[in-house]
Amino acid sequence: MRRDRTVAVIGTAFVALAAGGPWLPQWAMFIATVAFARGLVALGLVLLLRAGLISFGQALFYCLGAYTAGALGRFYGVSDIFIEMLVGGAVAALVAFIIGFLLARYRGIFFGLLSLALSMILYGLLVKTEALGSTDGFNIAPSTLFGVRPPPEWVRYSVLVSAAAVAAAAALIVHRYLQTPLGRLAPAIKDNEIRVEYMGASARKAVHVKYVIAGALAGVGGALAATAVGHIDPDMAYWTTSGEFIFITILAGTGSVVAPFVGALIYGSIHTLAYGLSPNTWQMSLGLALLVLIVFLPEGLWSLATRHARRT
Amino acid sequence: MPVVLNARGLSKRFGAVTAAHEVSAAIDKDSVVGLIGTNGAGKTTFINMITGYLKPDAGAITYEGRDITPLAPRQITRLGICRSFQIPQLYSSLSVHENMMIGLGIVLANAGHGGFLSRGDAPVPGYGEPAAQVAEHILARFGLAEYRDRNTQVLPGGVRKLLDIALTMVAKPRVLLLDEPTSGVSAQEKFGIMQMVLDAVRAEGATVLFVEHDMEVVSRFAQRVLAFYDGRVIADATPEVALADPEVRRHVVGRLRAAHA
Amino acid sequence: MDQIPSVIVDGVMYSAWLFMAALGLTLIYGVMKIVNVTHGSFYAIGAYAAASLTAAYLARGFPPMLSYAVLVVAAIVVAAPFAIAIERVILRFMYARDEVVILLATYALFLILEDVIKLIWGVNPYFIAEPYALLGSFQVADMAYPTYNLLLVAAALVFGGGLAWLLHSTRAGKLLVAVIHDPEVSRAMGVNVGRYYLATFLLGSLLAALAGAFTAPTVSVVPGLGVDVIVLSFAVVVIGGLGSLPGAALGAVIVGIVRSLSVHYMPQLELFVIYFVMAAVLAVRPRGLFSLAEPRKI
Ligand SMILES: Nc1ncnc2c1ncn2[C@@H]1O[C@H](COP(=O)(O)OP(=O)(O)OP(=O)(O)O)[C@@H](O)[C@H]1O
Ligand SMILES: [Mg+2]
């Protein structure tokens, strides 16, 4: 067996980013921060995907986290980035816990379509809620850290490091979870749920737990995206947003907890690049990439790395 | 001997098909019972109802005096009633060893060793060893050690069947229901497999029910036979008596002979 | 209370539109077990083809009454090559894969088609009001409704009835039902299953394109037109039971009436109620209203 280097990789990456961050251009800091936000959502989707489930409605929790962060600033004057992420994640987790009782009974296409419907419910509510800006959404005040407002030229950097810290913590927690006996159950649920039941475990409960973790992660990601971008709107709950998260997850594969963040960074870069080069064909590039992945690399980009490692 | 498992008046219909009609059976503790009957007679349905996968339309099942009819399969498994499957139910993307480890992980988690900080090296209840060792022992006992790292999807049929049975061992079954444990292997091998399975569970005392189409295997291992026909139990006696029963000869044994000829 | 007639008229019209929009989706799922995201793309392709070609036709001063035929022909002629190419080049190699994986593949194709549409038709909107205006309007309880919408209702009935007839009363349809039931056995019996899949995908996609074509005169045809239609038609067929024709009809009526009620009484909940109904139906009947029994597993 290969030694598990996940913890070392995460630690090194965090230190490198924190130390080298100040030399990054502002736009790169922004792309990286948004990649952490999306990566958090994709990390949750990885948990579900390992159990064979694809949620076409993860934007529900992303949007909930974002609007929670927004509401904290707008109605309670809270702009601390950690409080926003914490509360955003908690609200999303609570909602996931409640609807999880329903959703954990579904598998395959029906899990996907029901989660899609639930996210569209939120979208439908938000576009008609004037107090929250309807279709336009609203702007969010710049973040503070532990009550301190960083000087303007340091805002992006401090948000980036906060994002990296939270992402690293989330990745480590999920990594640990995957090594517990119930965390290891995911492929078993995917392969044969009847056998799981007959071995004395509740597949439904395991799915429920994963769904709540995934919801919380998406909520944190949404809150982070909200403060990083400074603006939120109902499109964060639209099905195409969920589609982006699925894209990142498929891109990354389920092999590692680091992969979703790498996948999100690649996605963000392709997006920015392709959009800059040709605003009318960037979706086509994404679509082609996704098609190629599905056909030739069903385990995701990460499998390239591990395949290579296994051979050596 | 005390009755460990008691089924009373179990009935189950699927549309127009009566899969079980007032099936009753009281199973003695630590006995070995053979279930026989032609295809579609209701043997698997009986096992499915005992283990909670199917809920009977009528009737009740008690285990050591406790009503288990409303329980889910996982709850019944935790009580020590385990089963194997007519068509092996394996984790097809995992290796043989990983299949065992999934089961042992569940046993550990159910015993309170499944928390966030647990490493999975706690002793497995009933075995007193860490899961990794228990897995090796069970695999060795069932002659599966050489397939340890093979993906279950590529295993030969007989090996899949054995692994399916080996997987029931992780929870230390008190009652074991085997659905055609020897199907798909040659007549000579059947005896060896039955002997191996019985040895594995009966050292510490366990009740075994097995579905079997080969009457020689039934006579050799069963202390008692339940014969099914058309959703009913048409005989419940020792093998000598049951296999000589004219109705059983007409509906079960005779038909099997004809089918095998 | 005096709103009830308009609730009903609006509801019926919207139901008809939904049914038309969802028909192809449920057909393709019913036969091929594919949740087809490109459905929305074909809807948009149909709308664009109809709008652009009908506009060109009318600009040349040909008789406006024939513009309805142009709508239909344009949608079919333009959408068919896309459907055939997608099925032959990509989808047919994916049938062995998991349902969810095929869904993702159609999602990828949807992304590609979104931009293909922009490349072909540009990003500026198309309007063709003539087919809509030509028929005038009719009155129900003091409210005027475009007569064109009656045409939509008629088209929905014709499509639904035609498909039912095709499936249940023709030889090809009966064979198709056999293919649905068991592709392996059908293949063993010499049925060319691949051809049935191609025909189904083509027919389902053309139905989407026709729905788009009939809608084109009532809206401005802009990029992203198909995006909303995807989730709406998902909602309709999931409520009814994926793959069921009567289910799609029932789903369309339910969603149509619910939306119409909401528009008249609680307009701020319009979108909410549609997906709420979908979630509620799934909560009670996990596979929709007209769902088949699950097969035996052990
Ligand atoms: N889930 C189900 N749905 C519909 N019918 C079922 C189901 N389970 C069993 N049946 C029917 O009930 C009857 C009894 O089936 P069962 O599997 O119990 O027979 P069996 O004795 O195990 O036969 P075999 O020797 O073929 O395994 C059969 O007619 C079968 O088709
Ligand atoms: Mg059976």
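The values are calculated or read from the model by the stated rules, or taken from the named source; none is laboratory data. What you are looking at is a predicted structure, and each value in this text was computed from that prediction instead of being measured. Quick reminder, even Gly has a Cβ in these numbers, built from the backbone with ideal geometry, and neighbours come from all protein chains shown. With ligands, DNA and RNA removed, areas are computed over all heavy atoms of the protein, side chains included. Shrake-Rupley method; radii C 1.70, N 1.55, O 1.52, S 1.80 Å.
Among the residues of the range C:269-297, just one is of a type in the set (Lys, Arg), more than 9 Å from chain A (Cβ to nearest Cβ) and either within 16 Å of ligand 1 (Cβ to nearest atom) or closer than 11 Å to A:Gly124 by Cβ (or both), namely C:Arg296. Scanning the range B:74-132 for residues being within 7 Å of another protein chain (Cβ to nearest Cβ), among the polar types (S, T, N, Q), open to solvent by 10 Å² or more (accessible area, probe 1.4 Å) and not in a loop (DSSP other than H, G, I, E, B) gives a total of 1.
Residues considered: A:Phe146, A:Phe138, A:Phe97. Of these, the only one that is on the phi < 0 side of the Ramachandran plot, open to solvent by 30 Å² or more (accessible area, probe 1.4 Å), among the aromatic types (Phe, Trp, Tyr) and in contact (Cβ under 8 Å) with a residue 60 or more places away in the chain is A:Phe97.
Which one is nearest to B:Leu176 (Cα to Cα) among residues in the range B:13-57 that are away from ligand 2 (no atom under 16 Å from the Cβ) and aliphatic (A, V, I, L, M)? Don't jump to the end; show me each part of the working.
Step one: filter the range B:13-57 for residues away from ligand 2 (no atom under 16 Å from the Cβ), giving B:13, B:15-16, B:21-22, B:24-32, B:52, B:55-57.
Now drop any that are not aliphatic (A, V, I, L, M), which leaves B:16, B:25-27, B:32.
Details: B:Ala16: 31, B:Ala25: 15, B:Ala26: 15, B:Ile27: 12, B:Val32: 10 Å.
Applying the filter and picking the extreme gives B:Val32.
For first residues located in the range B:11-33 and outside the structural domain of B:Asp199 (by TED's automatic domain parsing), partners that are within 11 Å of ligand 1 (Cβ to nearest atom) and lie 6+ apart or on another chain with Cβ distances below 6 Å do not occur.
Based on what the data block shows, is A:Val257 more than 14 Å from chain B (Cβ to nearest Cβ) and surrounded by 24 or more Cβ atoms within 10 Å (Cβ to Cβ)? Full working, then the answer.
Numbers: more than 14 Å from chain B (Cβ to nearest Cβ): yes; surrounded by 24 or more Cβ atoms within 10 Å (Cβ to Cβ): yes.
For A:Val257, the condition - more than 14 Å from chain B (Cβ to nearest Cβ) and surrounded by 24 or more Cβ atoms within 10 Å (Cβ to Cβ) - is met.
Output yes when any residue across the range B:184-200 is part of a loop (DSSP other than H, G, I, E, B), within 28 Å of B:Ser31 (Cβ to Cβ) and either touching a Phe, Trp or Tyr at 6+ places or on another chain (Cβ under 6 Å) or not assigned by TED's automatic domain parsing to the domain that holds B:Leu226 (or both), and no when none is. For the range B:184-200, residues part of a loop (DSSP other than H, G, I, E, B), within 28 Å of B:Ser31 (Cβ to Cβ) and either touching a Phe, Trp or Tyr at 6+ places or on another chain (Cβ under 6 Å) or not assigned by TED's automatic domain parsing to the domain that holds B:Leu226 (or both): absent.
Could you list all residues from the range A:175-189 that are under 12 Å from A:Ala206 (Cα atoms), assigned to a helix (DSSP H, G or I) and free of Cβ contacts under 8 Å to residues at least 12 places away in the same chain? Correct list: A:Gly183, A:Arg184, A:Ala188.
Of all the numbered requirements in (1) open to solvent by less than 40 Å² (accessible area, probe 1.4 Å); (2) more than 30 Å from C:Val277 (Cβ to Cβ); (3) not in a loop (DSSP other than H, G, I, E, B), A:Leu114 misses one, and that requirement is (2).
Each row is one residue, and each column tells you yes or no for (1) away from chain A (no Cβ under 14 Å); (2) open to solvent by 30 Å² or more (accessible area, probe 1.4 Å); (3) among the aliphatic types (A, V, I, L, M); (4) closer than 23 Å to C:Ala49 by Cβ.
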position: C:Ala178; (1), (2), (3), (4): yes, yes, yes, no
position: C:Met189; (1), (2), (3), (4): yes, yes, yes, no
position: C:Leu203; (1), (2), (3), (4): yes, yes, yes, yes
position: C:Phe214; (1), (2), (3), (4): yes, no, no, yes
position: C:Val221; (1), (2), (3), (4): yes, no, yes, yes
position: C:Asp228; (1), (2), (3), (4): no, yes, no, yes
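When you scan the range A:291-308, how many residues do you find that are at pLDDT below 90, touching a helix residue (DSSP H, G or I) at 6+ places or on another chain (Cβ under 9 Å) and open to solvent by less than 40 Å² (accessible area, probe 1.4 Å)?
Going through the range A:291-308, the residues at pLDDT below 90 turn out to be A:293-308.
Filter again for touching a helix residue (DSSP H, G or I) at 6+ places or on another chain (Cβ under 9 Å), leaving A:293-295, A:297-302, A:305.
With the extra rule that they be open to solvent by less than 40 Å² (accessible area, probe 1.4 Å), the set shrinks to A:293-294, A:297, A:300.
Here the count works out to 4.
Please specify each residue of the range A:205-249 satisfying the condition of being hydroxyl-bearing (Ser, Thr, Tyr), open to solvent by 10 Å² or more (accessible area, probe 1.4 Å) and either at positive phi or part of a helix (DSSP H, G or I) (or both). Across the range A:205-249, the qualifying residues are A:Thr227, A:Thr240, A:Thr241.
For the criterion of being open to solvent by 60 Å² or more (accessible area, probe 1.4 Å) and assigned by TED's automatic domain parsing to the domain that holds B:Val197, B:Val3 passes.
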